[in-house]
Amino acid sequence: MKLLIKSATILDRKSDFHQKTVDILIENGIIKKIGLDIQTKVSKRISFKDLHVSRGWFDSSVSFGEPGFEERETIANGLDTAAKSGFTAVALNPNTSPILDNNGAITSVLSKSGKHPVSLHPVGALTVKSKGVDLAELYDMQQAGAISFGDYKRSVGNPNLLKLALQYAQNFDALVQSFPQENRIAGNGMVNEHYQSTMLGLKGIPDLAEELQITRDLYLLEYTGGKLHIPTISTEKAVKLIKEAKDKGLDVTCSVAIHNLALTDELLNEFNTNAKLLPPLRTKKDVKALREGLKEGTIDMVTSDHTPIDTENKKVEFDNALYGSIGLESAFGALNSIFTTEESIEFLTSGKERFKIENISISEGNPANLSLFEVKEESVFGLDHIFSTSKNSIFLDHKMKGRALGVVTEKGSFTV
């Protein structure tokens, strides 16, 4: 199959065509030619006003519903949503029913992804049923295709269990994830512990809950060795702690959710349950530190932390609402509203190597792995921008700059 992308500006610092507006000819999934005004018969043409192309984007933390919560999001619709949102690869969290904690479960979700243009990479649960008691079958899950191991939004309460996981995982070069929250400090908190939570009468989660857990986990990593990934940090001191650990030479990476880069706990004024997130939205001081940490490289990647929740579990009293917001559709527009476009693209692609996903440059002879997007269009994010089955977006009614248009990969193309 031949596909021609017309008049696209390439943003890829490692490509000879960086910042050049060209045509891209793709044949059977391989970039055959890049140049001006390519004329040839093709099966499909892709052309948009203000079309830009970059290396394929990767999201390190995506939840769908299937298996168990198909009313929130099926794998098929989730992958379609990722494609329309510009992502060529996503890491699927294990928070399904049953939990993805064995070889068969990993094999099953991979089989449901089929030949979709977006690559699905499962994260296996670190512990059996994500209960934090016994280690799951890590090696068997890796053999089935799991790219990392962690219990989604559940911290490892037992330090010896995390120690054993870090030691064991070194035998097959696996990446362990540890969610940064000390639950005995967080207690029944639901939002950031700050004057805002006091004013609204909502129980707070203090910064200390995150920072104490990170400190403990980094001490364990220093003792055991191995590779640790800390997902979705949210506080100023968390950035400082991870920077110090990296300066020591520890093999640690971390991510930040895009909503924690863009929004603060002031949104809680309206008791909007879409703003009930874990970790919670923090303060302006934290947002500033997170942005700086991302720019300087202390924070290694961004994630949409896409978490579909059905209406029955979101449009309820704040205390009873489940945590989470969808985020794939708003990811690029929100980032591009804060950072330069080139910075945004860097943040959306920089996590691949950590998860052993090839970060393919845009060059003749290479397999196609491209994200398509516009950079200038400004809009207000609304329900018509949502492709997910669930509609629980924290970014509803927020201004966006730019929009994703789709993807082109070895396995095919998918555009809005």
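The values are calculated or read from the model by the stated rules, or taken from the named source; none is laboratory data. For clarity, every value in this text was computed on a predicted model and none was experimentally measured. Cβ placement follows ideal geometry from the backbone for every residue including glycine, while neighbour counts extend to all protein chains displayed. In case anyone asks, the SASA skips ligands and DNA or RNA and just uses the protein heavy atoms, side chains included. Shrake-Rupley method; radii C 1.70, N 1.55, O 1.52, S 1.80 Å.
Expected output is a single nm value to one decimal: the length gained when fully extending between residue 37 and residue 353, i.e. 0.36 nm times separation in residues minus the C-alpha distance. What is it? Numbers along the way, then the final one.
Numbers: separation 316, 0.36 × 316 = 113.76 nm, distance 3.39 nm.
Length gained, residue 37 through residue 353: 110.4 nm.
How long is the gain from residue 361 to residue 338 if the chain were fully straight, where each residue apart is worth 0.36 nm and the alpha carbon distance is subtracted? Please report the intermediate quantities before stating the final value.
Details: separation 23, 0.36 × 23 = 8.28 nm, distance 2.49 nm.
Working it through step by step, the gained length comes to 5.8 nm.
For the range 20-82, what is the accessible area per residue in Å², given a 1.4 Å probe and the full set of protein chains? Please list the in-between numbers first.
On the way: 2630 Å² over 63 residues.
Each residue of the range 20-82 exposes 42 Å² on average to a 1.4 Å probe.
At 222 nm, what value in deg cm²/dmol follows for the chain if DSSP H runs of at least 4 each add -39500 (n - 2.57) and the sum is divided by all its residues, to the nearest 500?
Numbers: 12 runs with 113 residues, N = 416.
Estimated from H runs of four or more residues: -8000 deg cm²/dmol.
Could you order 13, 291, 72, 45 by accessible surface area, starting with the largest, using a probe radius of 1.4 Å? All intermediate terms of the calculation are to be shown ahead of the outcome.
Numbers: 13 150, 291 80, 72 35, 45 130 Å².
So the residues, ranked largest to smallest area, are 13, 45, 291, 72.
So what is the accessible area of the range 132-236 per residue, in Å², with the probe set to 1.4 Å? Mind dumping the intermediate values first?
Working: 4390 Å² over 105 residues.
Ligands and nucleic acids excluded, the figure is 42 Å² per residue.
Would you mind working out the magnitude of the charge dipole of the chain relative to its Cα centre, with +1 at each Lys and Arg C-beta and -1 at each Asp and Glu C-beta, to the nearest 20 Debye? Provide the component values of the computation, followed by the final result.
Numbers: 48 positive and 54 negative charges, 152 e Å.
Value, rounded to 20: 740 debye.
Express the relative contact order of the range 20-154 as a whole percentage, based on alpha carbon pairs under 8 Å and six or more residues apart in sequence.
Values: 231 pairs, mean separation 24.7, N = 135.
About 18 percent, as a whole number.
Viscosity 0.890 mPa s, temperature 25 °C: what is the translational diffusion coefficient of the chain from Stokes-Einstein with a Kirkwood Rh over Cα pairs, rounded to a whole number of µm²/s? Working shown, then result.
Values: Rh = 21.6 Å.
The estimated diffusion coefficient comes to 114 µm²/s.
Could you report the range 269-315's accessible area per residue, 1.4 Å probe, as an integer in Å²? Mind showing how you got there, number by number?
On the way: 1940 Å² over 47 residues.
On a per-residue basis, the range 269-315 sits at 41 Å².
Counting Lys and Arg as +1 and Asp and Glu as -1, what is the net charge of the other residues whose Cβ lies under 13 Å from the Cβ of residue 40?
On the way: positive: 2, 6, 32, 33, 41, 44, 45; negative: 23, 27, 37.
Net local charge, residue 40 excluded: +4.
Which FRET efficiency value, to the nearest 0.05, do you get for residue 131 and residue 14 by plugging their Cβ-Cβ distance into 1/(1 + (r/R0)^6) with R0 = 41 Å? Before the final figure, lay out each step's value.
On the way: r = 43 Å, r/R0 = 1.06.
Approximately 0.40, to the nearest 0.05.
Give me the extension gain from residue 312 to residue 378: residue separation times 0.36 nm, minus the current Cα-Cα distance, reported in nm with one decimal. Spell out each step's value before the answer.
Details: separation 66, 0.36 × 66 = 23.76 nm, distance 3.20 nm.
Going from the current span to full extension adds 20.6 nm.
What does the net charge come to around residue 393 if you take all other residues with beta carbon closer than 11 Å to its beta carbon, with K and R at +1 and D and E at -1? The partial results should precede the final answer.
Numbers: positive: 314, 391; negative: 329, 397.
In short, 0.
Counting Lys and Arg as +1 and Asp and Glu as -1, what is the net charge of the other residues whose Cβ lies under 13 Å from the Cβ of residue 118?
Details: positive: 84, 112, 115, 411; negative: 59, 80, 410.
Value of the local net charge: +1.
Taking 23 Å as the cut-off for C-alpha to C-alpha distance, list the pairs among 129/240; 246/284; 112/401; 129/391; 84/115 that go past it.
In this structure, 129/240; 246/284; 112/401; 129/391 exceed 23 Å between Cα atoms.
Relative contact order of the chain, please, whole-number percent, based on alpha carbon pairs below 8 angstrom and at least 6 residues apart.
On the way: 1026 pairs, mean separation 80.8, N = 416.
Relative CO of the chain lands at 19 percent.
In the chain, what percentage of the DSSP-assigned beta bridges are antiparallel, given to the nearest 5? Let's see the in-between values first.
Working: 30 of 60 bridges.
Around 50 percent of the beta bridges assigned by DSSP in the chain are antiparallel ones.
Got a number for carbon plus sulfur as a percent of the range 138-228's accessible area, 1.4 Å probe? Each step should come with its number before you reach the end.
On the way: 1950 of 3910 Å².
The C+S portion of the solvent-accessible surface of the range 138-228 is 50 percent.
How would you order 376-382, 343-349 from highest to lowest mean count of nearby Cβ atoms within 10 Å?
Working: 376-382: 13.7, 343-349: 23.1.
Those peptides, ordered most packed to least, come out 343-349, 376-382.
Among 126, 116, 92, whose Cα projects farthest towards the positive end of the dipole of the range 2-161, with charges put on the beta-carbon of Lys, Arg (+1) and Asp, Glu (-1)?
In the range 2-161, that residue is 116.
Mind checking which aspartates and glutamates have their Cα closer than 17 Å to the Cα of residue 237? Skip sequence neighbours fewer than 8 apart in that chain.
Partners within reach: 182, 193, 207, 210, 211, 217, 247, 286, 292, 296, 300.
I want to check the label-to-label distance for residue 44 and residue 292. Put each point 7 Å from Cα in the C-beta direction and report it in nm to one decimal.
Placing both labels 7 Å along Cα→Cβ, they lie 4.5 nm apart.
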